[in-house]
Amino acid sequence: MDIFRILTRGASLNKKKNVTTDHTLPKNTKNSHEKHKEETLHNQVERETDFFHTRKHSKPEEENKQETTEEKEDEDETPLLEINSEEDAQKFRKSHKSKVTGDDIPLPIGSFQDMIGRFNIDKKLLTNLLAAEFVEPTAIQCESIAISLSNRDLIACAPTGSGKTLAFLIPLIQKIITEPVGKNHGIRGLIISPTNELAHQIFNQLEAITKGYSKRLNCAILSKQLANKLNNKIINSSKYDIIVTTPLRLIDIVHNQAIDLSKVSNLIIDEADKLFDHGFAEQTDEILTHCTFPHIQKSMFSATIPSGVEEMAHSIMKDPIRVIIGHKEAANVTIDQKLVFTGNEQGKLLAIRQMIQQGQFKPPIIIFLQSITRAKALFHELLYDRLNVDVIHAERTPKQREEVINRFKSGDIWVLITTDVLARGVDFKGVNMVINYDVPQTAQAYVHRIGRTGRGGKTGTAVTFFTKEDDQLVKPIINVMKQSGCESGYSEWMEDMGKLSKKDKQKLKTHEVTRKQISTVPKVMKQKRKQRQQMIEASKKEKARY
Ligand SMILES: Nc1ncnc2c1ncn2[C@@H]1O[C@H](COP(=O)(O)OP(=O)(O)OP(=O)(O)O)[C@@H](O)[C@H]1O
């Protein structure tokens, strides 16, 4: 049952008072049966809006069935995979579409238990993984953990939502807790990610799997507060073992000589293609020059690693091993991708309202637009469509952004409108659908945006609207759809749209398509609003003169 069908059955949801009213029942004439019906309806709404399963609620009868004894026995009998030979490794890599290149490549691990046997993993780390319900490693984790624990540099490219974060956290923690050093030795693990949201998310996962290590491991996220304390020499950075940060914040305290990176033996660059892109490359470079530890191990991770970035990686790494899971130019195959021609800008709003009417609009949903102005405009448009919608972008404060994300995760918000600030890495387990209201400027941006759905092994849907103004942007997206096996998601005529030269592609990276304003407010209303605004300004000026 989806939330819109429940609401169109006459229920209304007042999230503030946590009350669901069934308007189909006559007022004040509810008998016990009708009260029960309203109660069930309330449970249904609660369950339907608990998108990320953060709440406890009564399960419907059919879901209460206990695991049958056969299913239980099956779980117990599943053998834990061990990889003991090149032949095992080739079989594993074939089944997981894992391509690994480099010299002296270590065998991947087959399971977390296999990891113990081969790398003598700390028992508490494994307990914490199992307690966080990580039962078996994903393909990128199987390869990366073995490579990193063999002290090799790593270039890792794996689909969005395939577990790259743990792929670098597990070996990092294992190495640091098993290399005993004196107190205040200094930072040995440095993790860099492009946005604060992502840095927080990585730090949360780090905290989750290092429970019980407080005496042996001191980790921190480089927050504004911590940066101030380091800059004012209130705290010495040498007390930390692992720091998670964005490049900008780290550079600031490096310039103040308030952090020592000379002992960093493990450098991890997440969303690497972004951090080597024109916006971040200088900061990333400067950080690398301060990491002077002679045997530093470097690893980089992303769902998209264009060849230019790979060449750069080779120039800063020592004999790296390269891992590609799936196809380098593809999106996660768990995502059903669709390309929709809407004719013009107005057609996009109509397309959304049509999806709602046809029951294809299944929250939680993230809608991406190309600019803050357009995200705000769409927010105001959909505000009156009873969609529990909110908007998040770089002009909102970090506190506001965090609050909106938490309300989205708790199911209070069903539709999150945003820009590319949320396009990478942010992990919402249960997003059903991503809508590209505006076509992304590059194939990489497309892969990361739609990768907000179809994560952690779940499936998802991605819908991309385009108009005749987008004829140059559509080709790279069709290529990604082809590589991902989503040929049914677009029509043949779309393939003949604008072919891009290398120069065009480069230009599109930095020049947005100009689009007509998003609004269905009639022109006459806009003029009236403008006149009223001008009268208000004039009267304010009049008053200010006396
Ligand atoms: N071994 C595992 N078993 C089950 N779930 C896992 C496992 N590893 C990671 N996950 C879950 O999969 C989801 C995606 O993980 P993560 O955010 O690390 O993906 P990612 O590859 O970094 O994605 P992106 O490219 O978008 O940054 C998370 O919710 C995470 O908890």
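Observations, loosely collected:
- Condition met for Thr127 (within 12 Å of the ligand (Cβ to nearest atom) and either in a helix (DSSP H, G or I) or within 30 Å of Ile450 (Cα to Cα) (or both)): no
- Among the residues making up segment 245-262, a single one is within 25 Å of Leu149 (Cα to Cα), surrounded by fewer than 19 Cβ atoms within 10 Å (Cβ to Cβ) and not hydroxyl-bearing (Ser, Thr, Tyr): Asp260.
- Residues located in segment 93-114, provided they are assigned to a helix (DSSP H, G or I), crowded, with 19+ Cβ neighbours inside 10 Å and at pLDDT 95 or above: Arg93
- For Ile176, the stated conditions do not hold, so it cannot be described as within 15 Å of the ligand (Cβ to nearest atom), over 17 Å from Asp270 (Cα atoms) and assigned by TED's automatic domain parsing to the domain that holds Leu267.
- Applying the condition of being over 19 Å from the mean Cα position of the chain (by Cα) and among the charged types (D, E, K, R) to segment 325-361 and asking which residue is farthest from Arg452 (Cα to Cα) yields Glu345.
- Selection count, segment 492-527, where residues are modelled with pLDDT under 70 and either of a type in the set (A, V, I, L, M, F, W, C) or assigned to a loop (DSSP other than H, G, I, E, B) (or both): 10
- Each residue in segment 428-455 was checked for being more than 14 Å from the ligand (Cβ to nearest atom), part of a strand (DSSP E or B) and aliphatic (A, V, I, L, M), and 2 of them qualify.
- Hits in segment 177-189 (condition: surrounded by fewer than 23 Cβ atoms within 10 Å (Cβ to Cβ) and at negative phi): Ile177, Thr178, Glu179, Pro180, Val181, Gly182, Lys183, His185, Arg188
- Which numbered condition Ala445 misses (of (1) out of contact with any helix residue (DSSP H, G or I) (no Cβ under 7 Å at 6 or more places or on another chain); (2) without any contact (Cβ under 8 Å) to a residue 40 or more places away in the chain; (3) crowded, with 19+ Cβ neighbours inside 10 Å): (1)
- Scan of segment 132-173 for residues that are away from the ligand (no atom under 11 Å from the Cβ) and part of a helix (DSSP H, G or I), ordered by number: Glu143, Ala146, Ile147, Ser148, Pro171, Leu172, Ile173
- Residue that is surrounded by the most Cβ atoms within 10 Å (Cβ to Cβ), among those in segment 298-315 that are aliphatic (A, V, I, L, M) and over 25 Å from Ser484 (Cα atoms): Ala313
- Ile192 vs. criteria crowded, with 20+ Cβ neighbours inside 10 Å, of a type in the set (A, V, I, L, M) and over 26 Å from Lys274 (Cα atoms): no
- Near pairs, Cβ below 9 angstrom, 6+ apart or cross-chain, from segment 276-289 (buried (at least 19 other Cβ atoms within 10 Å of the Cβ)) to any residue that is in a loop (DSSP other than H, G, I, E, B) and of a type in the set (A, V, I, L, M): Ile287/Leu261
- Subset of segment 285-308 [within 16 Å of the ligand (Cβ to nearest atom) and either in a helix (DSSP H, G or I) or among the β-branched types (Val, Ile, Thr) (or both)]: Thr304, Ile305
- Hits in segment 349-386 - residues which are modelled with pLDDT of 90 or more, more than 17 Å from Asn432 (Cβ to Cβ) and either assigned to a loop (DSSP other than H, G, I, E, B) or not assigned by TED's automatic domain parsing to the domain that holds Pro440 (or both): Leu369, Gln370, Ser371
- Restricting Glu329, Glu282, Glu311 to those that are within 16 Å of the ligand (Cβ to nearest atom) and out of contact with any Leu (no Cβ under 7 Å at 6 or more places or on another chain) reduces the list to Glu329.
- Of all residues in segment 115-135, exactly one satisfies the criterion of being charged (D, E, K, R), crowded, with 16+ Cβ neighbours inside 10 Å and either closer than 22 Å to Ala158 by Cβ or under 20 Å from the mean Cα position of the chain (by Cα) (or both), namely Arg118.
- Options Ile417, Ile405; residue that is assigned to a strand (DSSP E or B) and assigned by TED's automatic domain parsing to the domain that holds Lys348: Ile417
- For the residues Lys215, Lys229, Lys224, the requirement of being surrounded by fewer than 20 Cβ atoms within 10 Å (Cβ to Cβ), at pLDDT 95 or above and farther than 21 Å from Ser144 by Cβ singles out Lys229.
- Gly425 vs. criteria within 16 Å of the ligand (Cβ to nearest atom), touching a Leu at 6+ places or on another chain (Cβ under 7 Å) and closer than 15 Å to Thr160 by Cα: yes
- Every condition in (1) modelled with pLDDT of 95 or more; (2) closer than 26 Å to Leu387 by Cβ is met by Leu422 except one, and the failing one is (1).
- Residue match in segment 200-219 (condition: at negative phi, within 16 Å of the ligand (Cβ to nearest atom) and assigned to a strand (DSSP E or B)): no
- Residue list for segment 95-109, filter: free of Cβ contacts under 8 Å to residues at least 40 places away in the same chain, more than 13 Å from the ligand (Cβ to nearest atom) and under 28 Å from the mean Cα position of the chain (by Cα): Ser95, Pro108
- Test: Phe203 is touching a residue at least 12 places away in the same chain (Cβ under 8 Å), of a type outside the set (Gly, Ala, Ser) and closer than 15 Å to Leu149 by Cα: no
The values are calculated or read from the model by the stated rules, or taken from the named source; none is laboratory data. In this text the structure is predicted, and so the values were computed from the model without any measurement. Reconstructed Cβ throughout: ideal geometry from the backbone, glycine too, with neighbour counts over all protein chains shown.
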